[in-house]
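Before any comments, here is the structure.
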Amino acid sequence: MDPRIWSKLPRDVVEHILLLLPLKTLLNLRPTCKAFTSLLFSPSFISKHSSSSSPFSSFLLLSHPQFPHHFLLYDSNLSSWRNISLSLPFSSSFTLISSSGGLFCFFDPSSSSFLVCNLFVKSFKIIEFPTRSLSLSLVTFVTTPFGYNIVFLCSESASKRVFLYDSNALSWQRFDGFDGVLSDSYHQKGTLFDGGLYFTTPEPFSLVRFDLGSGKWERLVGGLPEELIFVRLVSDGDGKLYLLGGVGNNGISRSIKLWEMGGERDWVEVQSLPEILCRKFVSVCYHNYEHVYCFWHQGLICLCCYTWPEILYYNVLRRTWHWLPKCPYLPLKCSCGFKWFSFVPKLYASV
């Protein structure tokens, strides 16, 4: 380790070595010397790191309102649990509401402000909402190749409004809300697909789309599968939109199925949940489907219930269903309030 030898190591070789290191090691290198900090944030390294397949682990993150800044992480690469408590650089009144593209989005109802942060590099931005006289309905936080958007659906002076924050413009825009009712689950957010956010309506079920560019609403023409009891949407972020729903009658799901949107905006059945797994899921949500939500995580379609601490997931590549084991670190007295997020760390996710 003679510095007279290692100091002559070509820069491109050093960059290649650093590209292979996990995120935690990269972050630990930053305070060791100015040379590492300069290299990690140089345009050359950022370009190579962004275009390479990330060596970082991805996580399923579980939060609970009883422990607002205490999180349970399931490492989906190593199939192991981690128990962490974050020291956040802001008021404890902020509550985690979403995660996307390596960023967390928090909301503080007392100040009507959002906080977007990359906790790994300790960068954050507080975004104040333009008005405080509002009734919170649906908040969706999504990242795009060019930044991120916060889409806030609310009631304002007896009328419906959509407020959209664009991280590039650093400003809010206001649009008319959808002339109808959206989603029977306040846990389910809008699904980003094809430049817009997709939502479902209560029975009779239909799909509506909010265009992020124009701010216009569109009700999609085309029938959904029959005998649906509840419906949820999820996108893989790579050109596919899925619909997951319960099939049955009299408000009771007899089976749970997964469909994929075809080229003609028709729905092609992909899989049906095995009966034994279906019985367990239906029993844990007590046919109260407004507490059911789903999301995409690294090739998995995750189906969750606000009142239950486990995840039922579908592996798209293997075409198999599984229950994620209950977290061993979860306090025994926790009841409803379980909220899962997909988190894939990104060193250069900018706020």
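Summary of computed values
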| read-out | value |
| --- | --- |
| Relative contact order computed over the chain (Cα-Cα under 8 Å; 6+ residues apart), in percent | 14 |
| Cα gyration tensor shape for the stretch 197-311, rounded if a/c is under 1.5, else prolate or oblate | prolate |
| The chain, helix-only ellipticity at 222 nm - DSSP H runs n ≥ 4, -39,500 (n - 2.57), divided by all residues, nearest 500 | -3500 deg cm²/dmol |
| Which of Leu258, Trp308, Thr320, positive extreme of dipole for the stretch 246-351 (C-beta unit charges) | Trp308 |
| Förster-model FRET efficiency, 22 Å R0, Glu269 and Lys240, C-beta, rounded to 0.05 | 0.95 |
| Footprinting exposure proxy for Val121, Val231 (fewest neighbouring C-beta atoms within 10 Å first) | Val121, Val231 |
| Candidate aspartates and glutamates for bridging to Lys326, where Cα separation is under 14 Å - those fewer than 8 sequence places away on the same chain excluded | Asp75, Glu310 |
| Residues Thr143, Thr25, Thr131, sorted so that the one with the fewest Cβ neighbours within 10 Å comes first | Thr25, Thr131, Thr143 |
| Residues whose placed amide H lies under 5 Å from that of Trp267, excluding near-sequence neighbours | Gly262 |
| Sorted by Cβ density within 10 Å, fewest first, the residues Ser79, Ser155 | Ser79, Ser155 |
| 10 Å Cβ shell holding at most 12 others, DSSP loop, trypsin sites (Lys or Arg not before Pro): longest site-free stretch of the chain | 9-121 |
| Given Lys257/Lys280; Lys216/Lys257; Lys122/Lys346, the pairs whose alpha carbons are separated by over 22 Å | Lys216/Lys257 |
| Cα gyration tensor category, rounded, prolate or oblate, for the stretch 60-343 with a/c compared to 1.5 | oblate |
| Only Lys, Arg (+1) and Asp, Glu (-1) charged, at Cβ; the chain dipole about Cα centre in debye | 1240 |
| Cα shape, the stretch 116-260, gyration tensor, a/c 1.5 rule | prolate |
| Under Karplus coefficients 6.51, -1.76 and 1.60, residue-wise ³J(HN,Hα) of the stretch 6-11 in Hz, glycine/proline x | 5, 5, 9, 5, x, 4 |
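A short reminder: the numbers here are calculations on the coordinates, not readings from a lab. Predicted, not measured: the structure shown is a model, and the values here were computed from it. Don't worry about glycine lacking a Cβ; one is built from the backbone with ideal geometry, like all the others, and counts go over all protein chains shown.
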